[in-house]
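What follows is one structure encoded as structure tokens, with my remarks underneath.
The values are calculated or read from the model by the stated rules, or taken from the named source; none is laboratory data. Every value quoted in this text rests on a predicted model; they were computed, and no experiment measured them. Here Cβ is always computed from backbone atoms with ideal geometry, including for glycine, and neighbour counts include all displayed protein chains.
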């Protein structure tokens, strides 16, 4: 059975690119256009993995990431952040939120800066959940 990956990104072109790439490599893909819709899909049926943009309207990917990693039901789902935000900036934002909320959230399981290269994206997915 194909492993299910949730792709969360507000850019339709990127959602289409990532989902097409993953589906053509044997994965089952569902998509969401923001963190709120993404969390609804996670709660409905947890995926094997999530690719997540961090800068989105309505509910940011940073909030969705924190919600996943602080919930015992979902914290073990690998999250691959795919963002135009530099990894160093994302990690700094996380540390600020950690201090503000007195919670420590782990670094993402993987991080790719936009635009993702197909080979790099597939390599990260395979590293996190296998073929």
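At-a-glance table
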read-out: Answer from 58, 63 - the residue that is surrounded by fewer than 19 Cβ atoms within 10 Å (Cβ to Cβ), in contact with a helix residue (DSSP H, G or I) (Cβ under 6 Å, 6 or more places away or on another chain) and not in a loop (DSSP other than H, G, I, E, B); value: 63
read-out: Top-ranked residue in the stretch 45-55 [being part of a loop (DSSP other than H, G, I, E, B) and either more than 11 Å from the chain's Cα centre (by Cα) or at pLDDT 95 or above (or both); ranked as surrounded by the fewest Cβ atoms within 10 Å (Cβ to Cβ)]; value: 45
read-out: Residue 32 vs. criteria under 13 Å from the mean Cα position of the chain (by Cα), touching a residue at least 24 places away in the same chain (Cβ under 8 Å), farther than 17 Å from residue 108 by Cα and surrounded by 14 or more Cβ atoms within 10 Å (Cβ to Cβ); value: yes
read-out: Residue list for the stretch 71-89, filter: in a loop (DSSP other than H, G, I, E, B) and at pLDDT 90 or above; value: 71, 72, 73, 74, 75, 76, 77, 78
read-out: Scan of the stretch 18-29 for residues that are surrounded by fewer than 18 Cβ atoms within 10 Å (Cβ to Cβ) and free of Cβ contacts under 8 Å to residues at least 60 places away in the same chain, ordered by number; value: 20, 23, 24, 28
read-out: Residue in the stretch 9-17 that is within 15 Å of residue 80 (Cα to Cα), at pLDDT 95 or above, surrounded by 19 or more Cβ atoms within 10 Å (Cβ to Cβ) and under 11 Å from the mean Cα position of the chain (by Cα) present; value: yes
read-out: Qualifying residues in the stretch 18-44 (those that are in a helix (DSSP H, G or I) and in contact with a strand residue (DSSP E or B) (Cβ under 6 Å, 6 or more places away or on another chain)) - the one farthest from residue 63 (Cα to Cα); value: 23
